[in-house]
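Everything on this sheet refers to the single structure shown next.
The values are calculated or read from the model by the stated rules, or taken from the named source; none is laboratory data. The structure presented is a predicted model; accordingly, all values stated were derived computationally and were not measured. Here Cβ is always computed from backbone atoms with ideal geometry, including for glycine, and neighbour counts include all displayed protein chains.
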Amino acid sequence: MRRTLTHRLTAALLLAPLWLGCGDGTAPEDNLPTDEVPPDPPICTTMPAVTTEVGTCKGPSGDPLPCDEAHRFCKEKYAIAHEPGMTRVELRGNHRPLGWDVGYPLKLSADGKTWEGELYLPHGRESEVKFVVNGNDWRDDPSLSHPGSKFTARCTTAPVATCDRQPLGDAVSCGETLPPSGDFDWRDMVMYFTLVDRFYNGKTDNDKPLVQSKAERPGDYLGGDYAGISRKIDDGYFTSLGVNALWVTVPFDNPDYLSPVDPKADKRQVGGHAYSGYHGYWPLDQWPQSGARVEEHFGTEAELKDLVARAHRKGIKVLFDYAMVHVHEQSPLFKSHAAALDGKGLPVLSADRKTLLDGSGKPAWFWPNVALHDDLTPILKDGQTQECICSGDAQNPCQWDGTKQDPLIGTRCAFQGYLPHWNYDVDDALSYSLDAAVRLLRDTDADGYRADAVKHISDKWYKGLRARLLREFPSKRVFVTGETYDFGSRDNLKRFVDSQTMLDGQFDFPLRANLASAVLSRGNTGKHLPMWELAEFVRTNDTYYGCGSAGGLPPVMSPWIGNHDVVRPIHIAENEPQFDEWSAGKDSDPAKERTWANLPTQPQGPEAYERLANAFAFLLTSPGAPLIYYGDEYGLAGGGDPDNRRTLFYADGTLRGAVRSCHQVTLFERVKKLGQLRQKHPALRRGTRKTLEVSDELWVYQMETKQAAVGQPPETVYVAINRSDVSQTACSLPAKPLKELVGDASITGPAIVIPPRQARIFVVE
């Protein structure tokens, strides 16, 4: 059995603030066949224990330190009169790199006459700002016109501007909403995403080759299964990270071969490469009443149920990824209910031309891969029916956002031609899917769902699912979170979130964009945010999604830094990133080829791992349900899909594809420490955040609860994150004896030095 590096580490290593004394591992590439075992990583030298220095916040004469003009900003108030039909108003502008894509919401005044709010604008620089009404109506500021421009100018002549160390505004608390008696509070969740095929191969008897596939290795089954996840549950791996919820890959059976592009071929090419359904997103059905239900490469139905039972014994909830948008073209369900086509390849319609019909003359359960107008008339180009693959291509009439030709097109276009799209406007199709969703929970005793590709189907599915869950599980709060892949529009996420009628929460893509830019990114200055801009975005974001409807629970949004669709975050944190964050996952980008050849390697040196540790420090000290993507706890390397899905564990349970140096193990121990602190301190899970101090490089905030739980006293925890490559002095901590929780050190505030690329967490002793 391979040795594990973890057992060779000293306690001093586990608490070290710096990744010093490590050798640079030169092991072979991570994405290895399972029979190739890399050598043990180098043994780390003894590393210094955590130390915390007392700093100074006064100049040589005793005066406050001067404020750099570049760090000054103005707090400017904005208002616009309310009009009938206004449901939301936000401010967008060039005051920050992502300002035109992500805005700040305004609030309707108590008298209902005006929408009001404020922005922090850089002092001494002309800023361009516009109101955005209802998501797409852009307007000038009516109170101040800028000659020669359609925009507004502010913060250029203010005699006094706020310095960088001054706090920003506070988030609005939703109050101390407590969970129903005896029920799990989903705000206490730390979620871990296990991509089943790539996590741990616990058994070999289910490692069956595909019948006809010639899928390339990065896109084929590699052996992971339910047995492997169960072993790590029993080993306490997830518990050690503070994880109490598992997001498990779609369990549905997938095709055993890939549909041919060419009848003479036996593979399906995607972006020039051949994949299998190893990821689970090519379902043949949605948990039918009988027959094949579980993907056999992952294990048996009994093993899936056993996984849930083992998790529950450890106090871990289980959420299944639910693919409700499409099936694979080999699905018998699709073949029985597909929209019929006439001799010209056009869809067969009912007499009133409002309903697609299948081969038996009944309403079709799936949209055809044809671009359609509202009356279901095909959209033609040069006399030819157009394929309806959804994308951002301006030449494509089928776009997810619904702004091209047809306001409903976003609910009825295909990811790919071989993935037929459900039509939930058909009652029988909707009932079938909802019955399957309820049946899966009953049969497995799982606790909820991660809904895939939320914005791409009719709202009827989410509303129908919530109504069924409330009715059929009256004593159990079934949690449903969603994926709306949109890094820019918070509105697009918010409209699906309501615990009484739709989703309990969503994965926070706009927050992730800001976090990656401010804490990780080093190579692209145009998208590299200062910390004060991240703090300002977070200030609004902490309360943007509201406090829940009457009788419901507050939304549970999930902050995250890595998932299966984006480049691994360790590469964003490199000084010279191997991928551009915003394009590496696109088939049209040449960088995509790096996911198949010349794969990125593990970064050498400590810097990238320290920056990733800072990102985890933010995630695990923020309200909501933070996500850990498997392998990120070790800084696992990987480009875009499928390279961001490398195998993590060998068959004997030791790490593969990850551990090469003590930098990675130190990162892992830091994530463990943060996860355990989150579970110990309710303020880190459910507290209200208040920024105490912020600059370009340093952010200090407190998390506070007035009542963490029934009978528990108030709690305040202080967090300081230094993203700089040099030390920064935090000047806003309490002038009292403090306990530093990451390294278990004692020190007295208020001036404390935070080492380069480090985060510290404090409580008053």
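Computed quantities for the displayed model
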| read-out | value |
| --- | --- |
| Options A446, A516: the member that is more than 25 Å from P251 (Cα to Cα) and hydrophobic (A, V, I, L, M, F, W, C) | A516 |
| Residue within the stretch 324-332 that is over 30 Å from D183 (Cα atoms) and free of Cβ contacts under 8 Å to residues at least 24 places away in the same chain present | no |
| Criterion (at pLDDT 90 or above, buried (at least 23 other Cβ atoms within 10 Å of the Cβ) and not aromatic (F, W, Y)) met by exactly one of D225, D306 | D225 |
| Subset of the stretch 453-475 [assigned to a loop (DSSP other than H, G, I, E, B), touching a residue at least 24 places away in the same chain (Cβ under 8 Å) and on the phi < 0 side of the Ramachandran plot] | I457, S458, F473 |
| In the stretch 712-732, the residues that are in a loop (DSSP other than H, G, I, E, B) and closer than 25 Å to L520 by Cα | R723, S724, D725, V726, S727, C731, S732 |
| Single match in K362, K344 (criterion: modelled with pLDDT under 95, among the basic types (K, R) and over 30 Å from T194 (Cβ atoms)) | K344 |
| Cβ pairs under 7 Å, 6+ apart, first in the stretch 666-693 and of a type in the set (S, T, Y), second in a helix (DSSP H, G or I) and surrounded by fewer than 21 Cβ atoms within 10 Å (Cβ to Cβ) | none |
| Filter result for G392 (assigned to a loop (DSSP other than H, G, I, E, B) and at pLDDT 90 or above) | no |
| Count of the stretch 468-502 residues which are under 20 Å from T411 (Cβ atoms) and in contact with a Ser or Thr (Cβ under 6 Å, 6 or more places away or on another chain) | 3 |
| Count of residues meeting criterion [under 39 Å from the mean Cα position of the chain (by Cα) and of a type in the set (D, E, K, R)] in the stretch 322-351 | 2 |
| Residue check, F668 touching an Asp or Glu at 6+ places or on another chain (Cβ under 9 Å), over 22 Å from H528 (Cβ atoms) and modelled with pLDDT of 80 or more | yes |
| Hits in the stretch 411-452 - residues which are among the charged types (D, E, K, R) and either in a helix (DSSP H, G or I) or free of Cβ contacts under 8 Å to residues at least 12 places away in the same chain (or both) | D427, D428, D435, R439, R442, D443 |
| Selection within the stretch 473-487 - among the polar types (S, T, N, Q) and exposed (fewer than 15 other Cβ atoms within 10 Å of the Cβ) | S475 |
| Meets criteria (closer than 14 Å to M324 by Cβ and of a type in the set (A, V, I, L, M)) for L465 | yes |
| 2 or more residues within 30 Å of V438 (Cβ to Cβ): qualifying helices (runs of 4 or more DSSP H) within the stretch 477-545 | 490-494 |
| Filtered residue count, the stretch 290-327, keeping only those that are over 18 Å from I233 (Cα atoms), part of a loop (DSSP other than H, G, I, E, B) and of a type outside the set (S, T, N, Q) | 10 |
| Residues (of a type in the set (S, T, N, Q) and either at pLDDT below 85 or part of a loop (DSSP other than H, G, I, E, B) (or both)) located in the stretch 581-639 | S583, S588, T595, N598, T601, Q602, Q604, T621, S622 |
| Residue check, Y462 under 27 Å from D374 (Cβ atoms), touching a Phe, Trp or Tyr at 6+ places or on another chain (Cβ under 9 Å), at pLDDT 90 or above and buried (at least 19 other Cβ atoms within 10 Å of the Cβ) | yes |
| Counted residues, the stretch 664-701 - those being outside any strand (DSSP E or B) and farther than 14 Å from N614 by Cβ | 20 |
| Of all residues in the stretch 675-691 being of a type in the set (D, E, K, R) and touching a Ser or Thr at 6+ places or on another chain (Cβ under 8 Å), the one that is modelled with the highest pLDDT | R678 |
| Odd one out for R757, checked against (1) on the phi > 0 side of the Ramachandran plot; (2) surrounded by fewer than 16 Cβ atoms within 10 Å (Cβ to Cβ) | (2) |
| Considering residues of the stretch 480-502 that are small (G, A, S) and under 15 Å from W461 (Cα atoms) only, the residue modelled with the highest pLDDT | G482 |
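One line per residue, one yes/no per condition, for (1) farther than 21 Å from G546 by Cβ; (2) surrounded by fewer than 22 Cβ atoms within 10 Å (Cβ to Cβ); (3) aromatic (F, W, Y); (4) more than 15 Å from the chain's Cα centre (by Cα):
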{"site": "C413", "(1), (2), (3), (4)": "yes, no, no, yes"}
{"site": "A436", "(1), (2), (3), (4)": "yes, yes, no, yes"}
{"site": "D447", "(1), (2), (3), (4)": "yes, no, no, yes"}
{"site": "A451", "(1), (2), (3), (4)": "no, no, no, no"}
{"site": "R471", "(1), (2), (3), (4)": "yes, yes, no, yes"}
{"site": "S489", "(1), (2), (3), (4)": "no, yes, no, no"}
{"site": "D498", "(1), (2), (3), (4)": "no, yes, no, yes"}
{"site": "L503", "(1), (2), (3), (4)": "no, no, no, yes"}
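Conditions tested, residue by residue: (1) assigned to a loop (DSSP other than H, G, I, E, B); (2) at pLDDT 90 or above; (3) basic (K, R); (4) farther than 30 Å from F334 by Cα.
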site	(1), (2), (3), (4)
G175	yes, no, no, yes
P179	yes, no, no, yes
L210	yes, no, no, no
I233	no, yes, no, yes
T239	no, yes, no, yes
G242	yes, yes, no, yes
Y257	yes, no, no, no
A265	yes, no, no, no
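Every residue, every condition in (1) more than 29 Å from Y226 (Cα to Cα); (2) modelled with pLDDT of 90 or more, yes or no:
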{"site": "K404", "(1), (2)": "yes, no"}
{"site": "P420", "(1), (2)": "no, yes"}
{"site": "A429", "(1), (2)": "yes, yes"}
{"site": "R442", "(1), (2)": "no, yes"}
{"site": "Y449", "(1), (2)": "no, yes"}
{"site": "A467", "(1), (2)": "yes, yes"}
{"site": "F473", "(1), (2)": "no, yes"}
